[in-house]
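Notes follow the structure.
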Amino acid sequence: MRNTPDNQSPPGLQTTSSQSEGARQRSTVVSAASPQSDYHNRNLTRFSWFPDHTPPVNDEYSQRVVMRPAEVSWRATKLADLEIRILEHIPTIRLTAQLRLKTGARPQPITFNQGAEIFIHRGELEMPQGIFPAGLYLRLPAGCDETADQLILRTIETSNVVTPASEDGLLIYLAAGQIAETDTEQRRINTNDDSRWLPGPVDGTEVLPLHGHGSGNAMLVRWHKKGAFRPRLDPFGEEVLVLKGKLYDSHGSYTAGTWIRNPVPAWQTWAGVEDTVIYYKNGHFTDTGLSTDAC
């Protein structure tokens, strides 16, 4: 991860006042290149638990996508009691999803023997290295020492800092096929550790950097009071998952569980109310150097 001074926001969340029209036009042209290009020549391995014959989902990267909790159906996987909410899917290439187990479901062993990025909303994740609680951010590049080929998902009835107390069970965020081959750094970060949070881009906000490689960044952002900021432009767009509270932009408001993918033409200001927490990610839409590991 890039070194960030204690009094400075991490790259990707620095506020920006304005752009020239020429810069806007150049950015729009770049955003037309999607992760789909040249993917048909890749022969990738599926996760054994992933549903067969799953069609592409949100595979047009020039389009803004908003997936609200009430508008997205969960579907069964090949493992009993384990369900998946597919947010983005290019078959055998790329996957962004959430996995859940309902309270009382038996633990489920699953394999992630390809590169994966995981955030635990609720529940626990057991690995050979130990049992990790809600709030853990885990990044496992393909071929890393700390492999994820032996994972057990467990439900508990205790919620973490970014989860309403009324929700139990297990819920994790999963991204696969999005780690560059040159990105070999492993991450295991406890986001419940307040000492990791840094001052945010505007007063009343904080950020917790999770990972940075090249132009890509992953982080949590939280609001202690109502405020707004405009992230520095990423020429390929951005991804946001609302973990807690309510997020706003010029199109409306978004409650916890909403997933948003913005191409450059939709790039805009984000605003949050007190206690809002989001997962923010950018720099992962280019196909240059992407790992050939997905379902």
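When we screen 99, 140, 87, 125 for residues that are more than 16 Å from the chain's Cα centre (by Cα) and surrounded by 20 or more Cβ atoms within 10 Å (Cβ to Cβ), the only hit is 125. Scanning the range 230-268 for residues that are at pLDDT below 90, of a type outside the set (Gly, Ala, Ser) and either closer than 20 Å to residue 205 by Cα or out of contact with any helix residue (DSSP H, G or I) (no Cβ under 9 Å at 6 or more places or on another chain) (or both) returns 230, 231, 232, 233, 238, 262, 267, 268.
The residue that is nearest to residue 87 (Cα to Cα), among those in the range 237-256 that are surrounded by 23 or more Cβ atoms within 10 Å (Cβ to Cβ) and touching a Ser or Thr at 6+ places or on another chain (Cβ under 7 Å), is 242. Of all residues in the range 192-231, those that are assigned to a loop (DSSP other than H, G, I, E, B) and under 16 Å from residue 119 (Cβ atoms) total 3. Note on the range 24-58: residues that are in a loop (DSSP other than H, G, I, E, B) and either modelled with pLDDT of 90 or more or under 19 Å from residue 171 (Cβ atoms) (or both) amount to 8. Of the residues making up the range 144-183, those that are at pLDDT below 75, of a type outside the set (Val, Ile, Thr) and in a loop (DSSP other than H, G, I, E, B) number 11.
The values are calculated or read from the model by the stated rules, or taken from the named source; none is laboratory data. All values derive from a computational prediction rather than experimental measurement. Note that each Cβ is placed from the backbone with ideal geometry, even for glycine, and that neighbours are counted across all protein chains shown.
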